[in-house]
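Accompanying notes for the structure given below.
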Amino acid sequence: MKILVVEDEPKLAEYLRKALTESSYVVDVASNGSDGRHLALDGHYDLVLLDVMLPGMDGFAVLRELRRAKNVPVLMLTAWDKVEDRVKGLQAGADDYLVKPFALSELLARVQALLRRGAAPGVGPDPTILRLADLELDLVRRKASRSGQRLDLTAKEFTLLTLLLRRHGQVLSRTTLAEQVWDMNFDSNTNVVEVAVRRLRGKLDDPFEKKLLHTVRGMGYVLENRE
């Protein structure tokens with residue numbers, strides 16, 4: 001699942017990005033209100049973490065514009081702890097409100113709760129269950145299975161499989177996978193992508209007759225159901 005973090009404090013933004021990425025989410029970060037507004041409106045996100053105090057355009061203004069266009073869940077982050085401030089955020093259309101400083105465990109719990117809520121019928125286009133042939137991914141509980149058999153995946157393997165499944169039928173290059181899953185610039189001298197794909201294939205395909213993860217020589221990898 002993909003999350004947008006709009007936070008102007010660099011250390012906190014990086015902390016949130018790393019924590020969410022390690023929890024198998026794909027994360028984009030914006031450091032001001034204008035960039036956050038642009039990404040939120042033009043991009044495709046399952047959740048937005050939105051700071052209130054932002055340079056240029058505050059979080060309330062971003063939220064109002066976003067609510068006119070989308071129903072994506074929004075979790076407001078703020079140092080203001082007065083009741084009237086929280087009420088203002090909720091009235092502006094926020095789904096939840098978290099006061100800084102906060103515990104990471106609480107943030108992740110609220111993120112999961114909002115993603116489950118956002119999956120209700122009629123709220124947003126993204127299901128929390130992705131399927132291809134006999135493969136099923138539960139994006140909220142972060143569980144994967146084939147033919148009803150649980151796949152024991154690491155956090156990175158789950159993130160990699162989620163990206164491949166979201167874009168099934170598309171050939172994804174090693175560069176794309178490195179940037180999206182490991183948040184790193186691709187180095188042709190590293191084999192981190194090949195190793196991860198090989199390990200994922202050992203769990204996803206090797207125990208089953210039908211193969212879903214295919215190598216396209218010279219181009220990358222594709223997840224698809226080939227009849």
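The values are calculated or read from the model by the stated rules, or taken from the named source; none is laboratory data. Here the structure is a predicted model, which means the values were calculated and not measured. Note that we place each Cβ from the backbone using ideal geometry, even for glycine, and neighbour counts take in every protein chain shown.
Could you please tell me which pairs satisfy a Cβ distance under 7 Å, a separation of 6+ or placement on different chains, a first residue in segment 111-136 that is among the charged types (D, E, K, R), and a second residue that is surrounded by 16 or more Cβ atoms within 10 Å (Cβ to Cβ) and at pLDDT below 80? That search, which allows pairs on different chains as well, returns Arg116/Thr128; Arg116/Val140. The listed residues are Arg174, Arg167, Arg201, Arg150, and the only one of them that is at pLDDT 85 or above and surrounded by fewer than 16 Cβ atoms within 10 Å (Cβ to Cβ) turns out to be Arg150. For Leu177, the conditions (1) touching a residue at least 12 places away in the same chain (Cβ under 8 Å); (2) farther than 20 Å from Asp28 by Cβ; (3) among the aliphatic types (A, V, I, L, M) are fulfilled apart from (2). Of the helices (runs of 4 or more DSSP H) contained entirely in segment 1-118, those carrying at least 2 residues that are modelled with pLDDT of 85 or more and in contact with a strand residue (DSSP E or B) (Cβ under 9 Å, 6 or more places away or on another chain) fall at 10-22, 33-42, 59-69, 104-118.
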